[in-house]
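First up is the structure itself, then whatever we jot down about it.
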Amino acid sequence: MRNPGVLFCLLAAAAFGGLSTLATLAAHEGVPLLTLLPVRFGLAAIALWPLAARHAPPAARDVMRAVLLGAGLFGLQAALFLGAVQRIDAPLAGLLLATYPALVALGAIALRRDRFRPRTAIALGLALTGTLVALGAGGGARFDLIGLALAFGAAAGYAAYVLAADGIMRRLAPLQLGALVCAGAALALGGAGAATGQLTTDVTPRGAVYVATLAILSTALPHGAFLFGVRLLGPTRASIVMTLEPVATAGIAAFTLGTVVTTPQIAGGALVVAGALVAQRRVQR
């Protein structure tokens, strides 16, 4: 694979794929959402900062913008997505979140950061169709209008975050941006948890392990990798490769929770991979 940006995005997609499973396991241990989220992002910021500190200190204005980006768009989309997972099945929530690459592509064109190309349309079509086939095959999904709205809101919020992060990364290293964004999200969500009484230290040891694992393996690692991918590929192509995330989610759920992976899910995964390869081929030219 010639472009390392694709590798970074594949790593991010695989690691983010464990998010729903770990969040579900933490919820089963009684960890409140507004305890899970600020602790998740706080630990991720702590994990990322020693690596981020190796770069030249950023300007105070850029630090403030990154923290506000985390407190706003990034923290909001994370809360919306995990809120959706609590109301609808995780595969359905993941499918709806996977619409964000199309929103990124449309946003990049609207902002004149990219122009429409047939190869982009083909890659998006393959990736989104594959996601639909892979995760829409089951007939027992729970449908809840609020849950659906939360998942769509998470997709829109994440698309806006990717586009905004692409602009800030012209001045900040990816790891610096990741650490500052996570810190901003931790502060905002921690404040919300304290205000609502959901922020607590009264969690089970197993719940604490799930939260810590989620913070490092499904937040710090993939967030840093994804931002590297955005820098190398641009927001549109990086987001197309990231549509592998729902397929990774299904695979991890099958391995850890015993979820059956059906033939349509395998076929859909193949279409998603094809979309990622089309996106990569375009980058190599």
Cα centre as origin, Lys/Arg/Asp/Glu Cβ charges: segment 1-132 dipole, Debye: 620
Burial order of peptide ranges 56-69, 174-187 (average beta-carbon count within 10 Å, highest first): 174-187, 56-69
³J(HN,Hα), Karplus 6.51/-1.76/1.60, whole Hz, each residue of segment 117-129, x for Gly, Pro: 9, x, 5, 5, 5, 5, 4, 5, x, 5, 5, 6, 5
Where only C-alpha atoms are counted, convex hull volume of segment 1-59 per residue in Å³: 116
Check: segment 4-284 dipole with +1 on Lys, Arg Cβ and -1 on Asp, Glu Cβ, in debye: 1020
Stokes-Einstein D (µm²/s) once Rh is taken as the Kirkwood radius of the chain over alpha-carbon pairs, at 37 °C in 0.692 mPa s: 175
Listed peptides 193-201, 33-41 by packing density, highest first (mean Cβ within 10 Å): 33-41, 193-201
Dipole of segment 4-284 [Lys/Arg +1, Asp/Glu -1 at C-beta], most positive-end residue of M64, L172, A195: L172
Alpha-carbon Debye profile of segment 1-127, log10 I(q)/I(0) at 0.18, 0.22 Å⁻¹: -1.33, -1.42
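Laboratory data are not the source of any read-out in this text; all were calculated from the coordinates shown. Everything quoted here is computed from the prediction, not taken from an experiment. Neighbour counts run over all protein chains shown; Cβ positions are idealised from the backbone, glycine included.
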